[in-house]
Amino acid sequence: MINLVQENAECEEPISQTKHKAGVLERQVEFVARQVGMATTAMEEKMAILKGRVEARQKMVNKVKKQNEDMTQATVRGCMESG
């Protein structure tokens, strides 16, 4: 009977250590998951900002291009009228 109690105590120690290690690993996984989530959110925010900047610059380029086309057409019309 005493042997069974000793064996049981010997088995409970590794089980307890394993449970503790499992708890530590679970907390580490949760921490890493939160870090990845924050990094993903930050990346998405930066991408949205960059997309906005690209769109704004594209609008400016399109506006300048349109102005150049209008000026070229006006110059051609002027040359045709005077020629």
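Remarks
- Test for Thr18: is it at pLDDT 95 or above and surrounded by 10 or more Cβ atoms within 10 Å (Cβ to Cβ): no
- For Ile49: the one exception among (1) at pLDDT 95 or above; (2) more than 17 Å from the chain's Cα centre (by Cα): (2)
The values are calculated or read from the model by the stated rules, or taken from the named source; none is laboratory data. It should be emphasised that the depicted structure is a prediction, and the values quoted were computed from it without experimental measurement. Every residue, glycine among them, receives a Cβ derived from its backbone with ideal geometry; neighbour counts consider all protein chains shown.
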